[in-house]
């Protein structure tokens with residue numbers, strides 16, 4: 001058996017301010033750091049062989065705290081832009097509530113949750129899927145097949161895309177899926193890479 005653990009970064013400054021973040025490189029808040037410590041505490045009995053994260057500091061700050069918490073800072077860490085948050089285009093930095101007043105709640109919800117609709121000048125979840133999945137299949141999945149336990153710390157939408165693949169979630173159903181901050185989700189696979197169990201920790 002081998003395991004894959006996914007964590008969305010802790011609360012960021014833009015999360016706190018209710019802003020569209022996308023690939024704006026903002027930091028964790030003090031609460032976000034606390035969430036990362038708590039995530040690490042939930043993983044005390046796990047041993048990882050390699051960790052992956054995005055190029056954005058809120059993700060790798062979270063990863064660093066988690067690895068310090070579980071005393072595994074010596075494992076290889078690989079950063080790649082394929083795991084970055086989806087790019088929200090001209091919405092980035094805007095307050096979500098103010099944007100909803102301007103464009104309507106339904107339009108903002110479509111931009112945030114739908115699979116194929118792009119925000120203005122930004123990426124859809126489908127676009128995000130098309131960069132996350134090839135990277136996962138070429139770089140991360142082979143590590144799992146080799147028996148290595150993997151930790152990924154990334155973002156709400158890059159992890160939604162990966163969750164679609166792992167759990168066979170349809171584009172229609174992914175609209176209802178949200179990834180909570182700082183909450184590890186663990187997958188255990190058999191030797192044929194079939195999921196034996198999946199749980200939030």
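Read-outs throughout are calculated quantities, based only on the coordinates presented, and are distinct from any laboratory measurement. Predicted model only: the values in this text are computed from it and were never measured. Neighbour counts run over all protein chains shown; Cβ positions are idealised from the backbone, glycine included.
Observations, loosely collected:
- Sorting 155, 9 by the number of Cβ atoms found within 10 Å of their own Cβ, with the fewest placed first, yields 155, 9.
- One quarter of the surface of the convex hull around the alpha-carbon atoms of region 42-83 equals 2.9 nm², the direction-averaged projected area.
- Helix 156-167 vs. the chain, principal-axis angle (Cα, 0 to 90°, nearest 10): 60 degrees
- Here the gap between residue 75 and residue 13, fully extended at 0.36 nm per residue and compared with their Cα-Cα distance, gives a gain of 19.5 nm.
- Region 50-152 - Rg over Rh from alpha carbon coordinates, Kirkwood radius: 1.08
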